[in-house]
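Read the structure below first, then the notes.
The values are calculated or read from the model by the stated rules, or taken from the named source; none is laboratory data. None of the values given here were measured: they were computed from a predicted structure. We place every Cβ from the backbone using ideal geometry, glycine too, and count neighbours over all the protein chains shown. Surface areas here come from the heavy atoms of the whole protein model, side chains and all, with no ligands, DNA or RNA. Shrake-Rupley method; radii C 1.70, N 1.55, O 1.52, S 1.80 Å.
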Amino acid sequence: MDTAANPYARLKELIQLKQAGKLGFGEVRELIALHERASADLSLAEERGAAEQETLKSLVAESFNAVYGLLPLYKRPPFEFLRTFYMRTPEVLYKYRVQFYAALAVMLLASAFGVISVLAGDTITTRLVLSPTIIQEFEETVAKDSDWALAASIPPEQRPAASVEIMANNIQIAVISFILGVVFSYFTLVILFTNGYMLGYISTLYLFTSATTGRPELGWYYIAGIGPHGVLEIPAILLGATAGLAIGASWIFPGRRRRSVALAETAREALLFVSAAAILLVIAGIIEGFVTPLGSGLVAD
């Protein structure tokens, strides 16, 4: 571009490049030179019209900030993204609060069924919802002390790999809940119900057995083995399910929009929930893999 012919337009272009972080060394020198030229022109602006003076003042102020100023920390990447994410997620969650409450209701209902199954000795429902392998593992756990079958039993040398595996598995569940929401949210509800049922079943299996067999260490072990990471995993599962239900609702009830448009717009917003769930699950995976096993010595015989 010929800077002599249109220096102000070029200066605006360079300011935009600076804001995008795409200035090369030569362009930095050009930006400084054009800023100095615009500043000199502003000092002679008394001969110009009022509108032109204001335009030039604004341009000089912008170029001054580009040359000498620094963006506040919260406006620099990746902090700007994190700030936007932090402020935007609650707003979108409120928009889809009906889906969130529905996901919470399903999980609580499923947990209640899990509790009832243990107290009533119902093995049929349990085997329909959970795999026989999971049931056998936890039933054997409460019957003997050799293997607690929770994160606290992870050997130290296996903790890094276990932490990564836990993160990957949990994030996979959240992403699948989101993606399969397009199938009328059916599979999202199945995943949500299964996880809720497992929570109620396993919690009652440990705590009820602890109370009825005079083995308080079993209950304390369960609390220590589930609590630290569970307080993050459960909200993460709910967020992933909320995203899936939102996707399904946008497809079934698009309103005045075309289904493809409604689906695309909802998916962009629901991705915030998946991102938030992933962040929570990464933290939970670290806790479950490294912190939770440290509590095994507190309750072991």
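Between Gly295, Gly248, Gly244, the distinction of being at pLDDT below 85 and either out of contact with any strand residue (DSSP E or B) (no Cβ under 7 Å at 6 or more places or on another chain) or open to solvent by 60 Å² or more (accessible area, probe 1.4 Å) (or both) belongs to Gly295 only. Taking the stated definitions as given, is Ala162 surrounded by 14 or more Cβ atoms within 10 Å (Cβ to Cβ), on the phi > 0 side of the Ramachandran plot and modelled with pLDDT under 70? In short, no. Condition check for Ala224 on (1) within 23 Å of Arg268 (Cα to Cα); (2) open to solvent by 10 Å² or more (accessible area, probe 1.4 Å); (3) small (Gly, Ala, Ser): one failure, at (1). Could you list, in sequence order, the residues of segment 117-129 that are open to solvent by 70 Å² or more (accessible area, probe 1.4 Å) and closer than 14 Å to Ile202 by Cβ? Matches in segment 117-129: Leu119 only. Candidates Ala105, Ala149: the one that is of a type in the set (Gly, Ala, Ser) and either in contact with a Cys (Cβ under 6 Å, 6 or more places away or on another chain) or at pLDDT below 70 (or both) is Ala149. Tell me whether segment 201-214 contains one or more residues that are modelled with pLDDT under 90, under 26 Å from the mean Cα position of the chain (by Cα) and not charged (D, E, K, R). Scanning segment 201-214, I find at least one residue that is modelled with pLDDT under 90, under 26 Å from the mean Cα position of the chain (by Cα) and not charged (D, E, K, R), so the answer is yes.
For segment 1-19, a residue qualifies if it is open to solvent by less than 50 Å² (accessible area, probe 1.4 Å) and at pLDDT below 75, and exactly one does: Thr3.
The conditions of being out of contact with any Leu (no Cβ under 9 Å at 6 or more places or on another chain), modelled with pLDDT of 90 or more, open to solvent by 50 Å² or more (accessible area, probe 1.4 Å) and outside any loop (DSSP other than H, G, I, E, B) are met by Tyr94.
Please indicate, with yes or no, whether at least one residue in segment 20-31 is in a helix (DSSP H, G or I), at pLDDT below 75 and surrounded by 12 or more Cβ atoms within 10 Å (Cβ to Cβ). Within segment 20-31, not a single residue is in a helix (DSSP H, G or I), at pLDDT below 75 and surrounded by 12 or more Cβ atoms within 10 Å (Cβ to Cβ).
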